[in-house]
Amino acid sequence: MRAAVLRVTGAPLQVEDVELDEPKAGEVLVRIEAAGVCHSDLHYMTGDLHAKLPLVVGHEGAGIVEALGPGAGDRVSVGDRVALLWRPRCGECESCVAGNPVLCRFGRVLATTNGLMDGTTRLHRGDERIHHLMGVSCFAERVVVSETSMVGVPDRVPLEIAAISACAVITGVGAVLNAVDRAAGRPLAVFGTGGVGLAAVMGAALTGAHPVIAIDIDPVKLALAQRVGATHVVDAREGNVVAQVLEISDGGVPWTIDAVGRPETMRQALEYLRPAGTLVAIGLTSAEATVAIPINDLVQRQKRILGSLYGSSNPRIDIPRIFALYLAGRLPLDELIGGRRPLAEVNEAYTELRTGGAGRTILVP
């Protein structure tokens, strides 16, 4: 099959022929119909985040089940439409049992081995083993994944919507639904309006937050944020971001979501929080990045910083909720789709992402 392979950090992806083994016990073969171009893959491509190479990238995908490995089939059947999850769920570890499956112990296995749940790969080129990204690797015509790493997709939900729902949307909308408390009628600011940030804006509008303030340096993205629920926008290139948010929110916001993951945006977000306000951090950056926090402001004004991975969600519960809200017209997810490209144009898609293209580009392998 054809797949996009990262062989050298900092170099373009190579779209090449690779071999995919048959699914093993508890695994499923899926034909990829749509894969979202996400900034998280770019972090691995640039070396900000580390993985074993060579590596088939892509972690935001959806497709059709084509085959089942031994023992698989409890949750899906051949022909089912599925969205892929980059966090597995063993159902037995402490995190899974406690209802926090995004911290499943097997997430660490996928991250450290760049394999599947048994730590081995199903990808190779002759004798050369090729690694998986987050147990998915969906910049490819087909994938083998754990049966625990997928959720069914209703017939009326387009697979490109399903693909972005299983990463960008659940991360942004989920952060508002699961990490933010009692947002209705209260100000909420979202720093960064890429795919994840736009999803957070949608979540804020869905829960009745007001005003919903979107902050970015790209006027095209800010205009899109207004279409999906932002009541106010702040262009971070013009004027003082903190002063503008304080004015719009009448003295600060009780909740802000940082979808950028940069020290400077987090520092600004902390400054425009109200006393007892909470910064929900959902953006990733370099593995070595840190942020300096003014201790007295944190203590005396009782501010909080909360990390939220994958929208602090239970994906098998929350993704079907997202599908239902989309079908009911409550989440305008079609607005997130920025364009479509064949797999052969994956590098062009990442050039667009680097230069600030609005909306999510979908690869169609």
**Prompt:** Tell me, what is the FRET efficiency for GLU247 and ARG304 to the nearest 0.05, using R0 = 25 angstrom and their Cβ-Cβ distance as r?
**Reply:** 0.60
**Complete:** Percent antiparallel among DSSP beta bridges confined to the chain, nearest 5, equals 55 percent
**Prompt:** To the nearest 10 Å², what's CYS138's accessible area with a 1.4 Å probe?
**Reply:** 0 Å²
**Message:** Whole angstrom only: what separates the Cα centroid of the range 51-84 from the Cα centroid of the range 287-365?
**Reply:** 21 Å
**Asked** Full extension from ASN347 to VAL291: what is 0.36 nm times the residue separation minus their Cα-Cα distance, to one decimal in nm?
**Response** 17.0 nm
**Message:** Which one, PRO342, VAL234, ASN114, is farthest towards the positive end of the dipole of the chain when Lys and Arg carry +1 and Asp and Glu -1 on their Cβ?
**Reply:** VAL234
**Message:** Please enumerate, by chain and number, the aspartates and glutamates with C-alpha under 16 Å from the C-alpha of LYS303, excluding those fewer than 8 residues away in the same chain.
**Reply:** ASP181, ASP258, GLU271
**Request:** Positive end of the charge dipole of the chain (Lys, Arg +1 and Asp, Glu -1 on Cβ, about the Cα centre): tell me which of GLY357, VAL299, PRO187 has its Cα farthest that way.
**Result:** VAL299
**Request:** Give me the aspartates and glutamates in straight-line cross-link reach of LYS52: C-alpha distance below 14 Å, same-chain residues under 8 apart excluded.
**Result:** ASP41, GLU128
**Item:** Charged-residue dipole, Cβ positions (Lys, Arg, Asp, Glu), the chain about Cα centre, Debye nearest 20
**Value:** 720 debye
**Asked** By the gyration tensor of its Cα atoms, with a ≥ b ≥ c the square roots of the eigenvalues, what is the shape of the range 226-290: rounded for a/c under 1.5, prolate for a/b over b/c, or oblate?
**Response** prolate
**Asked** Where in the range 258-275 does the amide nitrogen come within less than 19 Å of the point 7 Å from the Cα of ARG182, taken along Cα to Cβ?
**Response** 273-275
**Asked** In nm, what is the difference between 0.36 nm times the number of residues separating ILE217 and VAL8 and their Cα-Cα distance?
**Response** 72.2 nm
**Ranked order, ILE295, ILE170 - accessible area, probe 1.4 Å, largest first** = ILE295, ILE170
**Asked** Gain in length, ILE317 to ASP17, computed as 0.36 nm per residue apart minus the alpha-carbon separation, to one decimal in nm?
**Response** 104.4 nm
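The values are calculated or read from the model by the stated rules, or taken from the named source; none is laboratory data. Since we're looking at a predicted model, the values are computed, not measured. Virtual Cβ from ideal backbone geometry, glycine too; neighbours counted across all protein chains shown. Calculation scope for accessible area: heavy atoms of the full protein, side chains included, ligands and nucleic acids excluded. Shrake-Rupley method; radii C 1.70, N 1.55, O 1.52, S 1.80 Å.
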